[in-house]
Amino acid sequence: MSVAVASFAVFAASQVGTPGPANMALLATGARYGLKAALPFVAGVALGKQLIIWPVGYGLMQLAETAPWVFTALKYISAIYILWLAWRVANMRLNARAEAKAPGFMAGLIVHPLNPKAWAMITAGFTAFTSPGTPAFEATLAIAAILLAVQAILHPIWTYGGEQIARTVAGTPAERYLMWTLAALTVASVLFVLFGGAAK
């Protein structure tokens, strides 16, 4: 096969499973609302990555050569969004589940399109794990299917982890520190991706 499926699956698991803006959002959402209530959000986050994979697979990256300002603008729009997300996380309180409804499918759907880690991960998938000359549909389908499968396993784990953490710290003095730590990790992860030169 023209896509290194096994190697990319390992790479995808290492990327999807490590901290980043999306996982911090999943962790915080699970902490506040619980896994069951957060499932529509989790589904939106998982499927939102498909909104990047298919356009990239069909040549969106060529736009980077002809109109690089589009990707520069996207970088700063992403940074602003992640900072807003981090502010929301920092101000969440875990014992306030009844006061608000959990974010839904559409809220999750926009997380990855505005997540620079997702863009870098997908671009690496096409450039490092796909043989030159591979038909666009074959390459895109393989990468899309692998990422979706990995997300279907790992995203609920992050969300459930948040729920379990909340059971321990909700209503305690540690709660505020936890939420601020999650917010700081969210900001740090996106700044590392944007300005650290990493391929994560």
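For the pair Ser14 and Ala136, what calculated FRET efficiency results from E = 1/(1 + (r/R0)^6), where r is the Cβ-Cβ distance and R0 = 35 Å, to the nearest 0.05? E between Ala136 and Ser14, to the nearest 0.05, is 0.90. For a test of the definition: using alpha carbon positions, the gyration tensor, and the 1.5 limit on a/c, classify segment 102-173 as rounded, prolate or oblate. Since a/c reaches 1.5 and a/b is larger than b/c, the shape of segment 102-173 is classed as prolate.
Ordered by 1.4 Å accessible area with all protein chains kept, Trp119, Trp69 run largest first as Trp69, Trp119.
In this structure, the amide hydrogen of Thr134, modeled 1.01 Å from its nitrogen in the peptide plane, lies closer than 5 angstrom to no residue at least 5 positions away or on a different chain.
Quote the FRET efficiency, to the nearest 0.05, computed for Thr127 versus Arg88 with a Förster distance R0 of 45 Å and r equal to the Cβ-Cβ distance.
That gives a FRET efficiency of 0.85.
Take the Cα of Ala188, step 7 Å toward its Cβ, do the same at Thr172, and the gap between the two points is 2.1 nm.
The values are calculated or read from the model by the stated rules, or taken from the named source; none is laboratory data. All values derive from a computational prediction rather than experimental measurement. Please note: Cβ atoms are built from the backbone with ideal geometry, for glycine as well, and neighbour counts cover all protein chains shown. Calculation scope for accessible area: heavy atoms of the full protein, side chains included, ligands and nucleic acids excluded. Shrake-Rupley method; radii C 1.70, N 1.55, O 1.52, S 1.80 Å.
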